[in-house]
Amino acid sequence: MSFLKNDDERILVLVVDLDNDIGKEGIKTPIIGYDNLLKAAIDFGVKKPHDSDLNAIFYSLQIFKRLHTKGYDVDVALVAGDDKDYLSAITKVSRELEIVKHVTNFTSIYLVSDGVVDEKVVPLLYNYGRVIGVDRIIVEQSRGIEETYILLGRY
């Protein structure tokens, strides 16, 4: 990951939980800042260690640290939608992005997602800043599952 440094640029590493799995566990969103997101990740991980959103959260923290170490002006946040329907979800994400924009004053967005569904927000993100990257986290599976998948693929 290498971007040209721009003194006016403030990068937001953003995790989107469109179906609000994190909220279903009693964690309020938006979550803004490295320490707040790390605490939320631990709380969420204890409650739902198998959820792929957890991997996206930890990866966003890693991206934040890498950019911060390279001297970029960067922040990290998580916004969540709603599990009722897509319109409710995207509306809630939009409201939460307004809050994050107000607090962090980001100009660019680096999206971290755990799948195609969360990436549906990309067109919305252009209303808030320049999208400079999209990373989808793919959770590593056990060898037995991978071998079964390959075997099924042959037939």
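The values are calculated or read from the model by the stated rules, or taken from the named source; none is laboratory data. What you see is a predicted model; the values in this text were computed from it and never measured. Heads up, the Cβs are rebuilt from the backbone with ideal geometry, glycines too, and the neighbour counts pull from every protein chain shown. Remember, those area values only see protein heavy atoms, side chains included, never the ligands or the DNA or RNA. Shrake-Rupley method; radii C 1.70, N 1.55, O 1.52, S 1.80 Å.
The figures follow:
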| quantity | calculated |
| --- | --- |
| Estimated Rh, segment 18-65: Kirkwood, alpha-carbon pairs, angstrom | 10.7 |
| Accessible area in the full protein assembly, largest first, 1.4 Å probe, for Thr91, Thr104 | Thr91, Thr104 |
| Computed lengthening from Asn127 to Asp8, 0.36 nm per intervening residue step minus Cα-Cα distance | 41.0 nm |
| Net charge of neighbours whose Cβ lies under 14 Å from the Cβ of Tyr126, counting Lys and Arg as +1 and Asp and Glu as -1 | +2 |
| Gain in span if fully extended, Tyr86 to Arg66, counting 0.36 nm per residue against the direct Cα distance | 3.9 nm |
| Largest to smallest accessible area among Lys47, Lys92 [probe 1.4 Å] | Lys47, Lys92 |
| Beta bridges by DSSP in segment 5-94, antiparallel share as percent, to the nearest 5 | 20 |
